[in-house]
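The values are calculated or read from the model by the stated rules, or taken from the named source; none is laboratory data. Everything numeric in this text was worked out from a predicted model, so none of it was measured. Every residue, glycine among them, receives a Cβ derived from its backbone with ideal geometry; neighbour counts consider all protein chains shown. Only protein heavy atoms, including side chains, enter the accessible area calculation; ligands, DNA and RNA are left aside. Shrake-Rupley method; radii C 1.70, N 1.55, O 1.52, S 1.80 Å.
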Amino acid sequence: RAAAQTQTITIADTVDDAYETGAGTRSYNGLTYVPVSEYSPATNASYTAGGFRFPGLNALNRATITSATLRLYVTSATYDDIAATIYGHDTGNAPDFAAEPNILATAARPRTSSKRTAYREAMGVGYQDFDVTAIVQEIVDRPDWNAGQAVAFTLVPRVFFCFGCQEVTRFSDW
């Protein structure tokens, strides 16, 4: 039995983080932050989902994942509330956001059945940790998973049923 190991994987390329608005605008190159913003309706340009891709996860196929944390940096004390669901990209090797820019379209970027609700208010500037153990376990259990491949997470905000109301978070991965 292999000994437990800890890995810290950071975003490696400018196309490894992205966002998509409800109106279909996508951005993935040279971002200083990734917004995640709930709004109603979900087709509005102010409704924004974020994505983060981590290449080189060195976990064997069907390895037991005892702990996995998505650590993101909140860049603004003004934009520091989140109400979203974290999903994994349901594939054995997540493409970067230049190759597959969709975050919201589940046909293009299918989601794991495992998910994590992220609801926090007034987080403040600094690192925030989100437990994604079940999501990573589901991905490495896939038959097409091999050690060293990439995982991606999407943060899909809830639809906020309040006219003119909005909750926004600005994350960076560094």
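For region 8-58, take N as its residue count and report Rg(C-alpha) divided by 2.2 N^0.38 Å.
1.27
Residues in region 57-100 near a label at residue 44, defined as backbone nitrogen under 12 Å from the 7 Å Cα→Cβ point?
What the label zone holds, given the 12 Å backbone N cut-off, is no residue at all.
Could you give each residue of region 106-114 its phi-based ³J(HN,Hα) in whole Hz, using Karplus coefficients 6.51, -1.76, 1.60 with θ = phi - 60°, and x for Gly or Pro?
6, 5, 7, 10, x, 9, 5, 6, 6
Loop-only check: which chymotrypsin sites (Phe, Trp or Tyr not before Pro) in region 1-63 are DSSP coil with at most 14 other Cβ within 10 angstrom?
none
What residues from region 99-143 fall in the zone where the backbone N is under 18 Å from a label point 7 Å along the Cα-to-C-beta line of residue 10?
Only 126-129 pass the distance filter.
Based on alpha-carbon atoms only, what is the radius of gyration of the chain relative to the globular estimate 2.2 N^0.38 Å?
The chain yields a ratio of 1.00.
In region 66-90, which residues have a backbone nitrogen under 12 Å from the label point lying 7 Å from residue 125's Cα in the Cα-to-Cβ direction?
74-79
Evaluate the charge dipole of region 32-116 about its Cα centre and quote only its size in Debye, nearest 20, assuming +1 on the Cβ of each Lys and Arg and -1 on the Cβ of each Asp and Glu.
320
Rounded to a whole number, what % of the accessible area of the chain do carbon and sulfur atoms account for, probe 1.4 Å?
Carbon plus sulfur share of accessible area: 47 percent.
Would you be so kind as to identify which of 29, 50, 64 lies farthest towards the positive end of the dipole of region 1-154, taking Lys and Arg as +1 and Asp and Glu as -1 on Cβ and the Cα centre as origin?
64
Suppose a student asked you for the relative contact order of region 1-64, using Cα pairs under 8 Å spaced at least 6 residues apart; what percent would you report?
After rounding, I find 35 percent.
Can you give the relative contact order of region 1-127 as a percent, counting alpha carbon pairs under 8 Å and 6+ residues apart?
26
Show that you can apply the helix-only estimate: for the chain, add -39,500 (n - 2.57) for every DSSP H stretch of four or more residues, divide by all residues, and state [θ] at 222 nm to the nearest 500.
Numbers: 1 runs with 8 residues, N = 174.
After summing the helix terms and dividing by residue count, I get -1000 deg cm²/dmol.
Report the normalised scattering of region 74-118 as log10 I(q)/I(0) at q = 0.13, 0.27, 0.30 Å⁻¹, calculated by the Debye formula with identical scatterers on the alpha carbons.
Once normalised to I(0) and log-transformed, intensities are -0.39, -0.98, -1.06.
Roughly how many whole Å is it from the C-alpha centroid of region 75-145 to that of region 36-55?
If you average the Cα positions of each part, the centres end up 11 Å apart.
Which longest uninterrupted range of the chain lacks any trypsin sites (Lys or Arg not before Pro) assigned by DSSP to a loop state (not H, G, I, E or B) and surrounded by at most 12 other Cβ atoms within 10 Å?
Excluding the exposed sites themselves, the longest stretch runs over 63-174.
Show the residues, 5+ positions off or on another chain, whose built amide H is closer than 5 Å to the amide H of residue 85.
118, 156, 158
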